[in-house]
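Read the structure below first, then the notes.
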2 protein chains.
Amino acid sequence: MPILGWGKTYSLPHFYQDMSAAVIVTIMLIPQSLAYALLAGLPPEIGLYASMMPLVAYMIFGTSNTLAVGPVAVISLMTASAIGKLTLTGEVDYLSAAVMLALLSGIMLLLLGIFRLGFLANFLSHPVISGFIIAAGLLIATSQFGHILGIAASGQTLPILLMSLFGGINDVNSVALIIGITSLIFLVYVRIGLKPLLEACGLSSGLAANISRAGPLLAVFMSISAVQFFSLGDKVAVVGSIPQGLPSFALPDLSLDMIEALWLPAFFISIIGFVESVSVGQTLAARKNERIDSNQELIGLGAANIAASVSGGYPVTGGFARSVVNFDAGAATPAAGGFTAVGIGIATLAFTPYLYFLPKAVLAATIIIAVLSLIDLSVLKNSWFYSKSDFFAIFGTIIVTLFMGVEFGVIFGVTASIALYLYQTSQPHIAEIGLVPETQHFRNILRHNVITSPLILSLRVDENLYFANAELIDKMIKERLEKSPDIRHVVLNCTSISLIDASALEVLENLNKFLMSRSIGLHFSELKGPVEDRLLKAKFLEHLSGQVFLHHYGAVSQLDPKTYMNPSVLAEADQSAHDGSHI
Amino acid sequence: MPILGWGKTYSLPHFYQDMSAAVIVTIMLIPQSLAYALLAGLPPEIGLYASMMPLVAYMIFGTSNTLAVGPVAVISLMTASAIGKLTLTGEVDYLSAAVMLALLSGIMLLLLGIFRLGFLANFLSHPVISGFIIAAGLLIATSQFGHILGIAASGQTLPILLMSLFGGINDVNSVALIIGITSLIFLVYVRIGLKPLLEACGLSSGLAANISRAGPLLAVFMSISAVQFFSLGDKVAVVGSIPQGLPSFALPDLSLDMIEALWLPAFFISIIGFVESVSVGQTLAARKNERIDSNQELIGLGAANIAASVSGGYPVTGGFARSVVNFDAGAATPAAGGFTAVGIGIATLAFTPYLYFLPKAVLAATIIIAVLSLIDLSVLKNSWFYSKSDFFAIFGTIIVTLFMGVEFGVIFGVTASIALYLYQTSQPHIAEIGLVPETQHFRNILRHNVITSPLILSLRVDENLYFANAELIDKMIKERLEKSPDIRHVVLNCTSISLIDASALEVLENLNKFLMSRSIGLHFSELKGPVEDRLLKAKFLEHLSGQVFLHHYGAVSQLDPKTYMNPSVLAEADQSAHDGSHI
């Protein structure tokens, strides 16, 4: 338990730092947790519940000093999507499905952590995750426009959301619209204009930033006052009564049907939540020269989700915006999360009655502003220039997520990343190489001015030899040999080969026989240790028609001394020719 | 059309060669096509139909001179499995499903060929295919034991087949058992003992081999005589009446339901059939120094399957045993296949009435003997020693195929091959390298006696940098740096890096910033051309804290001349230090 580590050296300065960070995060988290519960289609108090016990659990099991755990936008959207598909009858069932989702996700994360399977998250490529988050942000923003317009917009894909928005265009609630637009303008102003203004008024930069962060809470306060003052409570959708008090502990209903229906969405939520959380945690840890342990993080997030589940919450993870705030506000240890939980608890006990008249349009505005920062299209531009295949994976993920929903988006992203990688490695770059004059170094004959021999075909295959490319390499070598009948030696430079699988070994054995029947030697140079070990074990090198050379220069200077022993390289060649072959 | 190529130079010697090969293949194919139809659960004449028009179509579109196309064991099993799952009512529907399967498979193969997607077959690794064929062979042999015992054994997995065999153990038909066992012993003897005996009697080796190949036909002839002589026709299951005449042409019923149910099995049949056929074709072509074009082969096999479908047959492909016989018997051009088709046609017209009393037990015995040669367990042994991950992929494929059926077997095999490859590349070998004395060559410090510098960390990552391993590499570098605080330069030797994807680029950018903040230079050596091009385009190299060096020796000798400029290497170093960096 990481808490036993940092707990031992916990000091009063740590306490002050963590406390002040906790106050600021609490102020930020109250409107956010209400808003994300709304986004997930859950009663507002569920957002508050998900911001208490999970933070305590993460404080005990997590490794990041600054990660702030709780309900986040993308996971809330995925929760809404997963439960929406179940089309359950009443609100109780909808809620128990959310609780079950948190439990399943928590157990999965815990198991992944215990079995040290954190590396699985690596199979989601970064650009694909960015694409997914862009699309999720667009879906979230669109869905929240329903609240701004005061009409019920629902759906899990962009076309359905848009259709439901346009379908309700005649029912637009002008009060909701005015409150929503005002909130949007106010929140944008707070983000962009308030901090410089406060600084201009002489406040310190830190204080100005902290006051700006209270913007959403300020919007909440002002809108409640306005609704009460103008008696708008029955003219606009408001949050309504929130149960006053802390969540009670209970095990979720363990219905097998529900587990069967929810395990796959729970898995996606776990993976996306973990990837998001770890990338935030790593970014922040790197700034303080700290390190987080991804398998322990899985355990921390697993514990947080189980805690969310048994205290009536829904899936949580480490959020980007709030963690940055936590970091900037000086959080020194995970205890800051614990103090935040206490803050939310006090708020739940004391302030919930005052939230009755909070318009949903204000919460929707805070969500829209929060997710707009997720929609960073530069990843599309960068990948277009760097790698077309990455671009298409991202673009496809965005399109599939928007038009088919978040689950298909995740599936498409993973599949596309893997398929494109395999396709690229199945079409390897094969360079014919020659000696760079006055060195012992070999480079591509097409790119460099190099020395070659008419007797030797020196090839560098720029990829592992495995089932997806072995046949192709065999074919290319044979085609190349047909063009130059004088060649007596094929030397494969194996610098790029870290793996030769059984399929490729079979192909090499046949190639060796083929070359032998034509009195052409097959040689290897610069074989890596582990690869050579395995070829020796398979007894392939015993009946090789050629030799294995430690380095390529040794190979060619021994096989064709006339070409390679000219005066300019003679000095070194003299030695290499003798010790070049080490079998 | 390949026929226009070889057709132009067709000569009388070709004709004699093709004719004699066709006679021998026809003799072999008559009992085989009846037997495989039985295995597929189809009436015996369907096997004959599948051995006529498909051969003509392949003669026109195929590229192998010796491949013999027709019904084969594994594809017949897959056909039985695909149609068995439909649980259709009468035999007519069962038959039209088989015809539809051939049509779908033919269209898929044709499309794959037209769009030049033959490389997709590379994603089935060789050992996994071997595993699949071993398991299919075991399933086939087990299912045929039902006919030998004279009881109805059905099922698509080993446990169900065995249960149905043991369930019928009280109904064993002693006549079928005697005929079956006798046939098995006779066929084994023909395989092992007859050829040497004939040679001992003074026959030439070729003639002896050809007579041995007639063994199954001899078994057919003798068993029919025995059944007639002892009047056993009502005591044992016989083939019964076979329609006398050539197949009529018709388009299959294009029912959408059936297409929906059969497209996935048809896809598996296409892929397995193609892989089997191409590997046979390539093996035989290599012996005669010929080449086959895998995309044209797809077109040839596609045409063959469409021809099978419109002439009332079922899926076909190039078979191993018959192609070897065709090759040994001297087939010179694809015309041999056309002549075989004529031979089967004559047999269908003239001899089918005589097959009435042919016991099914005899056909089952020919199948069992034929598939026993498929069950080659050496692949398990070899892979155990060469590569544990290949071993587990094969073993898993065998188990899944035996216990869950052929479709799951194929899916498992492909998934396991890809997953294991990705897992291996996600855990790359990273070698710290040093200079081999008196050369310019760098090797692993753990395996070789090399020169290193306290200021420079020289690392060679033995894998592409991509999403699945980028984080891990970053972590390993940082951990290594913590151990040696003196290091001022990290030089990544990029000989093994053929690809840096966008995820890895992001990681490198962060690593560069991290190292810069610690005044450590990040350098690259021996970057491959295409990789460097892309890094330049992404403007990564512009803000790199270090340099890019053409070769590793140039890098270290410039970064730490004190260590690397000692007298033993001075001669070369002098030049390299100047031209080493090329940016």
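Observations
- Ellipticity estimate at 222 nm from DSSP helix runs (n ≥ 4, -39,500 (n - 2.57)) divided over chain B, nearest 500: -20500 deg cm²/dmol
- Gyration tensor verdict on the stretch B:7-93 (Cα atoms; rounded if a/c is under 1.5, prolate if a/b is larger than b/c, oblate otherwise): prolate
- Here the convex hull built on the C-alpha positions of the stretch A:363-413 has a volume of 75 cubic angstrom per residue.
- For the stretch A:418-466 and the stretch B:101-173, distance of Cα centres in Å: 42 Å
- Figure note: B:263, B:384 ranked by solvent-accessible area, largest first, 1.4 Å probe, ligands and nucleic acids not counted: B:263, B:384.
- C-alpha center-to-center spacing [the stretch B:15-77, the stretch A:285-330] in angstrom: 65 Å
- Only protein heavy atoms count here; under a 1.4 Å probe, residue A:147 has an accessible surface of about 60 Å².
- With all protein chains modelled, accessible area of residue B:257 [1.4 Å, Å²]: 120 Å²
- For the stretch A:238-290, the share of alpha carbon pairs falling in successive 5 Å distance bins from zero is 4, 13, 10, 11, 12, 17, 18, 10, 5, 1 percent.
- Residue by residue along A:130-137, Cβ atoms of other protein chains within 10 Å of the local Cβ number 0 on average.
- Helix A:502-517 and the longest principal axis of the C-alpha atoms of chain A enclose an angle of approximately 20°.
- Take the Cα of residue A:231, step 7 Å toward its Cβ, do the same at residue A:349, and the gap between the two points is 3.6 nm.
- Within the shell defined by Cβ-Cβ distances under 14 Å, the residues around residue B:177 carry a net charge of +1, with Lys and Arg each +1 and Asp and Glu each -1.
- Rounded D (µm²/s) - chain B, Kirkwood Rh over Cα pairs, Stokes-Einstein at 25 °C, 0.890 mPa s: 89 µm²/s
- If you model the stretch A:413-511 as an ellipsoid using its alpha carbon gyration tensor, with each semi-axis the square root of five times an eigenvalue, the axes come out at 26, 17, 11 Å, biggest first.
- Sorted from nearest, the other copies put their residue B:404 label points 2.2 nm away, the label point being 7 Å from Cα in the direction of Cβ.
- Seen from residue A:257, the other residues with C-beta closer than 15 Å to its C-beta sum to a net charge of -2, counting Lys and Arg as +1 and Asp and Glu as -1.
- Charged-residue dipole, Cβ positions (Lys, Arg, Asp, Glu), the stretch B:430-579 about Cα centre, Debye nearest 20: 260 debye
- With viscosity 0.890 mPa s and temperature 25 °C, the Kirkwood radius over alpha carbon pairs of the stretch B:493-550 converts through Stokes-Einstein to a diffusion coefficient of 212 µm²/s.
- Surface composition of the stretch B:430-579: carbon plus sulfur atoms hold 53% of the accessible area, using a 1.4 angstrom probe and ignoring ligands, DNA and RNA.
- About the centre of its Cα atoms, the protein assembly as shown shows a dipole size close to 380 debye [charges on the beta carbon of Lys, Arg (+1) and Asp, Glu (-1) only; nearest 20 debye].
- DSSP bridge orientation in the stretch B:430-579 - percent antiparallel, rounded to nearest 5: 35 percent
- Rg(Cα) / (2.2 N^0.38 Å) computed for the stretch A:338-449, rounded to two decimals: 1.98
- In summary, the stretch B:430-579 shows an alpha-carbon radius of gyration equal to 1.00 times the 2.2 N^0.38 Å reference for compact globular proteins.
- Within the shell of other residues whose beta carbon sits under 15 angstrom from the beta carbon of residue B:324, the net charge comes to +3, with Lys and Arg scored +1 and Asp and Glu -1.
- With Cα atoms, 0 to 90° folded angle of helix A:174-189 axis to chain A main axis: 60 degrees
- Nearest-ten-degree value, helix B:388-404 long axis tilted from longest Cα axis of chain B: 30 degrees
- Two-decimal ratio, the stretch A:25-151, of alpha-carbon radius of gyration to 2.2 N^0.38 Å: 1.14
- Backbone N atoms of the stretch B:22-39 closer than 13 Å to the 7 Å Cα→Cβ label point of residue B:342 belong to residues B:22-23.
- The alpha carbons of the protein assembly as shown give a radius of gyration and a Dmax of 35.8, 117 Å, in that order.
- Over 27 Å apart at the Cα level, from the set A:539/B:388; A:475/B:288; A:537/B:478; A:513/B:381, are A:537/B:478.
- Average partner coverage of A:434-445, which counts Cβ from other chains inside 10 Å: 4
- With Cα atoms defining each centre, the stretch A:175-207 and the stretch A:475-538 are spaced 68 Å apart in the structure.
- Taking a ≥ b ≥ c as the square roots of the eigenvalues of the Cα gyration tensor, the stretch A:85-150 is oblate, since a/c reaches 1.5 or more and a/b is not larger than b/c.
- The reciprocal of the average 1/r between distinct C-alpha atoms defines the Kirkwood hydrodynamic radius, which for the stretch A:165-322 equals 20.2 Å.
- Its alpha carbons give the stretch A:135-257 an Rg and a Dmax of 19.0, 61 Å.
The values are calculated or read from the model by the stated rules, or taken from the named source; none is laboratory data. Predicted, not measured: the structure shown is a model, and the values here were computed from it. Cβ: placed from backbone, ideal geometry, glycine included. Neighbour counts: every protein chain shown. Areas reflect the complete protein model, heavy atoms only, side chains present, ligands, DNA and RNA absent. Shrake-Rupley method; radii C 1.70, N 1.55, O 1.52, S 1.80 Å.
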